[in-house]
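Peer 1: Handing you a structure now.
The values are calculated or read from the model by the stated rules, or taken from the named source; none is laboratory data. From a predicted model like this one, the values you see are computed outputs, not experimental measurements. Because the Cβ atoms are built from the backbone with ideal geometry, glycine has one as well, and the counts that use them run over all protein chains shown. Keep in mind that these areas ignore ligands, DNA and RNA; they rest on the heavy atoms of the full protein, side chains included. Shrake-Rupley method; radii C 1.70, N 1.55, O 1.52, S 1.80 Å.
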Amino acid sequence: MQPQHDPGLPPTDVPKATEPQGDSDGPRRGSLCAAINNLQGDLGCHLYCPHVPTAASPPSCCQQHSEEVCESCVVKTTLTAENAVEANKLSNNYKFGFKKWKSHVTARPWEDRSEIVKELYSDLNVIRGPGGSTVTFGNVLYLLLFGWWLSVLYVLVAAVMFVTVVGAPYGRLCWDLAGYFLWPFGKVIQKAEVPKSHQALGTSETGGDASGAGESSALLGGPVPRRWRPRCCVNAGYWRRAGTAAWLCLGYPALALAHGLACVTAWLLVVLIPVAKLSARTVTRVLLLPPERVLVRRLRMTEVPLEGEVILCCYRALNPYYYKYAVDGINVFAVNLLPLVLVTLVLGYVDSHNRLTSSPVKFTLALLSIMPLSYYIGMAIASISAQSNFAVGAVVNATFGSITELTFYITALIKGSREGNRCYAEIVKSALTGTLVGCVLFVPGLCMVIGGIRHQEQRFNSRSAGVSSALLFLSVGGVFAPTLFSKVYGKLVCGECHNVTQNPLGHYLCHNCHFDLMENNGTLYYSHVQPLVYTVSLLLPAAYLIGLFFTLKTHSHIYDIHISDCHMPGHHHSAVVHWSRWRALVILLLSTLCMSACADLATEHISPILTNSTISQYFIGVTVLAMVPELPEIVNGIQFALQNNLSLSIEIGNCIAVQVCMLQIPILVLFTIFYPTNFTLVFSDLHVYASMFSVVLMNYIFMDGKCDYFQGTVLVMVYFILLAVYFFAPSPSGC
């Protein structure tokens, strides 16, 4: 079905669907495409196509250009979404002020996944054809880490079960499993089936063992061992056997504990997750079966498919692609770091007197716990926005988009106010500046370097980047206006001065100098600087709202996000979301609550680090406190850059920097009105120069709309130079 057009409009140049060659009667399949025209020099189009039926839709980006240009851009960059929810998430990525999220918020169709990803989620019960050698680095690593002591444990348990006499069948099973777990690769554990003929024979004869003395199985490649021969009513009364009771009391608990330890260790190492699956399946399946139902075979002895159910069949203990593994849409690293949050909260609030751990350890744990919580908050925001309308998504992003940073800043200011310590306010200023400089230099620079390794030259939407750059210039000028004002009209006060020439009219060397705003009982500050701070704090959020209205309403063609009708081959897939809106909301609130607790612990135990550390407090603020909460965003930016989508990588850094100046700082100023703290919007010279230079350099790099790894290297190197300056800088006054 061709798209319907208004008779008054010119004919459009939508690419026509190709007719199937092999099956002329096959149905024509359409897909819903969220087309994003970046308006680059080459008029590149990004098409997001969930495979769902479409009706009449607005004109696509392709209708604005010639057919030749459209076809070329479709071939160049076409990003596909499996459903409407995923397409909505991809569209939100290009909206100013929305959280940029790389991971899927819906379950991907199994047939659309690569073979590498399918292998990650497959159970260890598939027998493959003949392959290469099983002697690999990962398998040898398994032998050194797990295989030898698991095998020894099985031998000891086998000896115990033989001593009990009634548990002798389990002893023979453990003896076989000892050899299996020493080197499980190239072997198979099978659940033996009971043939119906033997069941009938067993019910009619009392001497079951004698009747099967000469049995053999061609499928298993030879005579069946005596203890594997099927008996009558194999499972009848299994749990009432004396041997089973001895096994459950003496053998199974020790093996379950050992496999549990191996499972947890392998899971935390990520690349050894196949070992974790192997141990989990052993505890839940193999060790709970009757011993006569468990077969251990070498695959090379099997010439035809095995008879019965295959329980375990492992080929590799190590798979480096498990960094892509996800549990219910959550990346495996975020899953592994979640227990760290619980440990941090328990140690922080139970061991309040530092009897178990020291303050630096608790501070480090609290800071590391912020990373997975930031991930959960980001995924919850992306899930809610993708399943909601624009208004709800905008409110959620504006409310919780900066919650990670604000939680830490506010708790630090509260603690500094209670203790009367100005150092906390300086640390917050350093963290604000570090976030600004890091997101302007380090985030896009690192993405350019990593993306440039795979792509020789990357292009991005220079017009949308120009909007962000203009907002950055405006926000930096507004944030540092009170600082420049105070330097012009404030009185320079120094803590200590020495005459270096022994001449009263000679040169003096002064230390700890700053501009005093409280001269004459604070007349300059309260009458001039403070009103300027309040004015700037009102104008910056207003400018942010104008930027939202400009990019999302009046000039949305900069991003050109709309739904178009593009006939491309595909299948219909209904959206199966990982987190529903209510579930995402609950996770968002719980993560925010845990974030507040971790931020409180971090500020509670940072005092010893600030007082005893020889490193400048400036450096601690601009590095650790500024960039650790942004690690999930940095990972998203790198993933976008690897897919040659540098526009989103740049927007991630720009949006965070804009939100720091236009949202976070005004909120902190508003907070100080209701809860007086030592925080004033007057920064040190180092913060001012570093921020302004970073914004100017970024704007220069982004002017032409294209970049390579060399330009990214320049940004990263400048960032490291600034870090070196902060490292050797003296601590701020008051610390």
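Peer 1: Looking only at the range 387-399, which residues are open to solvent by 40 Å² or more (accessible area, probe 1.4 Å) and assigned to a helix (DSSP H, G or I)?
Peer 2: Hits for the range 387-399 are Phe390, Ala391, Val392, Val395, Ala398, Thr399.
Peer 1: Further question: Can you pull out the residues in the range 677-692 that are assigned to a loop (DSSP other than H, G, I, E, B) and either under 17 Å from Leu524 (Cα atoms) or in contact with a helix residue (DSSP H, G or I) (Cβ under 7 Å, 6 or more places away or on another chain) (or both)?
Peer 2: Thr677, Asn678, Phe679, Thr680, Leu681, Val682, Phe683
Peer 1: Let me ask something else about it. For the range 537-570, what are the residues that are among the hydrophobic types (A, V, I, L, M, F, W, C), at pLDDT 65 or above and open to solvent by less than 50 Å² (accessible area, probe 1.4 Å)?
Peer 2: Within the range 537-570, Leu540, Ala542, Ala543, Leu548, Leu552 meet the criteria.
Peer 1: Okay, moving on. Sort through Ala262, Ala258 and tell me the only one that's of a type in the set (Gly, Ala, Ser), surrounded by 17 or more Cβ atoms within 10 Å (Cβ to Cβ) and within 30 Å of the chain's Cα centre (by Cα).
Peer 2: Just one listed residue meets the conditions, Ala262.
Peer 1: A further question follows. Quick check: anything in the range 282-290 assigned to a helix (DSSP H, G or I) and in contact with a His (Cβ under 6 Å, 6 or more places away or on another chain)?
Peer 2: Yes.
Peer 1: State all residues of the range 471-498 that are open to solvent by less than 30 Å² (accessible area, probe 1.4 Å), modelled with pLDDT under 85 and in a helix (DSSP H, G or I); if no residue qualifies, say none.
Peer 2: Correct list: Ser486 only.
Peer 1: Which of the following residues is over 25 Å from Val635 (Cα atoms) and touching a residue at least 12 places away in the same chain (Cβ under 8 Å): Arg355, Arg285?
Peer 2: Just one listed residue meets the conditions, Arg285.
Peer 1: Say we look at the range 108-128 and pick out the residues that are open to solvent by 40 Å² or more (accessible area, probe 1.4 Å) and of a type in the set (A, V, I, L, M, F, W, C); which of these is nearest to Asn389 (Cα to Cα)?
Peer 2: Only one residue tops the list, namely Trp110.
Peer 1: Going by what's in this entry, would Ile638 be described as without any contact (Cβ under 8 Å) to a residue 40 or more places away in the chain and in the same structural domain as Gly445 (by the TED database)?
Peer 2: No.
Yes or no, residue by residue, for (1) within 22 Å of Trp175 (Cβ to Cβ); (2) modelled with pLDDT of 65 or more; (3) out of contact with any Ser or Thr (no Cβ under 9 Å at 6 or more places or on another chain):
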residue	(1), (2), (3)
Gly207	no, no, yes
Arg231	yes, no, yes
Cys249	yes, yes, yes
Ala276	no, yes, no
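Peer 1: Turning to a different aspect of this structure: Please count how many residues of the range 424-450 are among the aromatic types (Phe, Trp, Tyr) and either open to solvent by 10 Å² or more (accessible area, probe 1.4 Å) or farther than 17 Å from Phe363 by Cβ (or both).
Peer 2: 1
Peer 1: Are any of the residues in the range 683-700 acidic (Asp, Glu) and touching an Asp or Glu at 6+ places or on another chain (Cβ under 9 Å)?
Peer 2: No, there is no match, as no residue in the range 683-700 is acidic (Asp, Glu) and touching an Asp or Glu at 6+ places or on another chain (Cβ under 9 Å).
Peer 1: Quick one: how many residues across the range 307-359 are small (Gly, Ala, Ser), open to solvent by less than 40 Å² (accessible area, probe 1.4 Å) and either under 23 Å from Leu631 (Cβ atoms) or not assigned by the TED database to the domain that holds Gly132 (or both)?
Peer 2: 5
Peer 1: Within the range 571-597, can you find the residues that are open to solvent by 40 Å² or more (accessible area, probe 1.4 Å) and touching a strand residue (DSSP E or B) at 6+ places or on another chain (Cβ under 7 Å)?
Peer 2: Once the filter is applied, which keeps residues that are open to solvent by 40 Å² or more (accessible area, probe 1.4 Å) and touching a strand residue (DSSP E or B) at 6+ places or on another chain (Cβ under 7 Å), the range 571-597 yields Ala575, Val576, Val577.
Peer 1: Take Asn421 and tell me if it is buried (at least 24 other Cβ atoms within 10 Å of the Cβ) and modelled with pLDDT under 85.
Peer 2: No.
Peer 1: Could you please find all residues in the range 598-625 being surrounded by 24 or more Cβ atoms within 10 Å (Cβ to Cβ), within 14 Å of Ala412 (Cα to Cα) and aliphatic (A, V, I, L, M)?
Peer 2: Ala599, Ala602, Ile606, Leu625
Peer 1: Another question, if that's okay. Provide a single number: the residues in the range 266-296 that are within 21 Å of the chain's Cα centre (by Cα) and open to solvent by 10 Å² or more (accessible area, probe 1.4 Å).
Peer 2: Here the count works out to 4.
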